[in-house]
Amino acid sequence: QVQLVESGGGLVQPGGSLRLSCAASGSVFSLSTMGWYRQAPGKQRELVADITRNGIPNYPDSVKGRFTISRDNAKNMVYLQMNSLKPEDTAVYYCNLRVASVNAWGQGTQVTVSS
């Protein structure tokens with residue numbers, strides 16, 4: 001069974017940076033597409049970034065050039081480096097693992113961008 005645990009959220013001023021981490025248990029990590037999603041109050045969950053098992057990243061236009069996703073298959077870790085943060089980036093950020101019939105989520109970590 002896959003378990004995902006996020007860390008690294010917090011309060012940051014506009015223009016600041018945060019690095020989120022996600023630790024995955026189980027044996028399928030290296031075969032999986034890993035993603036970061038976010039959900040702001042009253043809004044739907046949306047993709048922030050994902051990365052294939054071969055390390056190919058994908059970003060929506062809203063974060064392209066500001067966020068960077070990376071993974072370490074040896075450590076079963078995925079990271080999200082967030083730079084030039086804006087108030088509209090405020091949300092709960094979730095780690096996601098997808099492979100075959102498995103679609104697992106972490107519990108989320110709060111990111112608040114405010115002065």
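None of the figures in this text is laboratory data; all of them are computed from the coordinates on show. For clarity, every value in this text was computed on a predicted model and none was experimentally measured. Because the Cβ atoms are built from the backbone with ideal geometry, glycine has one as well, and the counts that use them run over all protein chains shown.
Close amide-amide hydrogen proximity is noted between Gly16 and Leu85, each under 5 Å apart and 5 or more residues distant or on a separate chain (H modeled in the peptide plane; Pro and chain starts excluded).
The share of alpha-carbon pairs in the range 34-115 lying farther apart than 15 Å comes to 57%. The charge dipole of the chain, taken about its Cα centre with unit charges on the Cβ atoms of Lys, Arg (+1), Asp and Glu (-1) only, comes to about 100 debye.
Could you tell me whether the range 51-98 comes out rounded, prolate or oblate from its Cα gyration tensor? Rule is a ≥ b ≥ c as square roots of the eigenvalues, rounded for a/c under 1.5, then prolate if a/b exceeds b/c, otherwise oblate. Provide the component values of the computation, followed by the final result.
Numbers: a/c = 2.12, a/b = 1.73, b/c = 1.23.
Judged from the Cα gyration tensor, the range 51-98 comes out prolate (a/c at least 1.5, a/b above b/c).
The phi torsions of the range 89-96, fed into the Karplus equation with coefficients 6.51, -1.76 and 1.60 and a -60° offset, translate into couplings of 7, 4, 4, 8, 9, 10, 8, 9 Hz, rounded to whole numbers, with Gly and Pro shown as x. Straight-distance candidates among the lysines for linking to Lys64, with alpha-carbon spacing under 23 Å and chain neighbours fewer than 8 residues away dropped: Lys43, Lys86. For Arg66, enumerate residues with amide H under 5 Å from its amide H, sequence gap 5+ or separate chain, H modeled in the peptide plane. Amide H neighbours of Arg66: none.
In square nanometres, what is one fourth of the surface area of the convex hull spanned by the alpha carbons of the range 7-65?
Taking a quarter of the hull surface, the average projection is 5.3 nm².
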